[in-house]
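Here the structure is laid out as structure tokens; the discussion comes afterwards.
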Amino acid sequence: MIAPSAMLRRLPSLNALKAFEAAARHESFTKAADELSVTQGAVSHQVKALEAELGLRLFNRERQRLIITDAGRNYLEVVRDAFDRLAVGTNRLLQLQRSGVLTVTTSPNFAAKWLVHRLGNFVEAHPEIDLRVSATMHHVDFAREEVDLAVRHGEGNWPGLDTVRLSPEQLFAVCSPKLFTRRRQVAKPADILKYPLIHMDSRADWSRWLQAAGIENSKAIHGPVLNRASMVIDAAINGQGIALARTTLAAFDLISGRLVRPFAETLRLSKTYWIICPKATTTLPKIVTFRNWLLAEADSDVRQLKKLGVFRAKG
């Protein structure tokens, strides 16, 4: 609550105070004008208006010289002290926007397969930001929860929120390079049915992939059904079979060589990962810093996957 006395404050124009302080420091309207990027006449006008409002002289003009009066010198101390306090307070406020706690929420899959591996790099580069990550399927209500930014999977249609696409997505087969031996080679997509197929939620995606690859007898689909994409990818890494994985979640393991992409066949996806936050806070420095870092990491993934010949389709 604002005190009644604060509501009744009478303060001179800030521009007039800036003109007075600069003129007093330089003892010149011309030099003050250069510093403030205005005309000499504008500085003179501001000072005269301030003198009129205060009802006293702040300067004497003698033979083209500007001489500060005793009253002006006393007032200068007050103005400088006020400006110093404003500068300190402004710097503190901006520092809080650049640093402090940054709370991010995302899905358990994205946290486990994409974010966690990279957090050390962000923390090392930005020690001023106290990063807090919450992995949950709950979609945050920014108006009611103390969350700054979220990374979510979808089509980007979250009304009232600022949305930035993290990266293009595709769905393709992946497996451990250890899965294939001299005895069990995969020469054509149909050979995939020799291996267990790891499924996500249902067997629908594999049915679509096999159909797109022109593989008949898709009723021969077999293998476990898991309910987390991170579990599907980890099972593939452990050599338990061949899985279908999205680009973003598989990128780290493909780049590190723990997974390979044995076939070019790809399913296009309409959904991908998005960085979202309230429009009112989208330009806060700490949010900009984290969003730019996410985008840079995702761009690096795409470049490396293209070099490996893994990222083939246009996103």
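The values are calculated or read from the model by the stated rules, or taken from the named source; none is laboratory data. Bear in mind the structure is a predicted one, so any value in this text is a computation, not a measurement. Positions of Cβ are backbone-derived with ideal geometry, glycine not excepted, and every protein chain shown enters the neighbour counts. All accessible areas refer to the heavy atoms of the entire protein, side chains included, with ligands and DNA or RNA removed. Shrake-Rupley method; radii C 1.70, N 1.55, O 1.52, S 1.80 Å.
Of the residues contained in region 95-118, one or more are found to be at pLDDT 90 or above and either open to solvent by 50 Å² or more (accessible area, probe 1.4 Å) or at positive phi (or both). Residues that are over 17 Å from A173 (Cβ atoms) number at least 3 in the following helices (runs of 4 or more DSSP H) confined to region 217-315: 285-307. Just one of (1) modelled with pLDDT of 90 or more; (2) open to solvent by less than 40 Å² (accessible area, probe 1.4 Å); (3) assigned to a loop (DSSP other than H, G, I, E, B) fails for W158. It is (2). Checking L36, L17, L11 one by one, the residue that is open to solvent by 20 Å² or more (accessible area, probe 1.4 Å), modelled with pLDDT under 90 and of a type in the set (A, V, I, L, M) is L11 and no other. You will find that of A250, A235, A298, A204, the residue that is free of Cβ contacts under 8 Å to residues at least 40 places away in the same chain, of a type outside the set (S, T, Y) and surrounded by 15 or more Cβ atoms within 10 Å (Cβ to Cβ) is A235 and no other.
Of the residues screened, R152 is not one that is free of Cβ contacts under 8 Å to residues at least 12 places away in the same chain and either more than 30 Å from N292 (Cα to Cα) or under 34 Å from the mean Cα position of the chain (by Cα) (or both).
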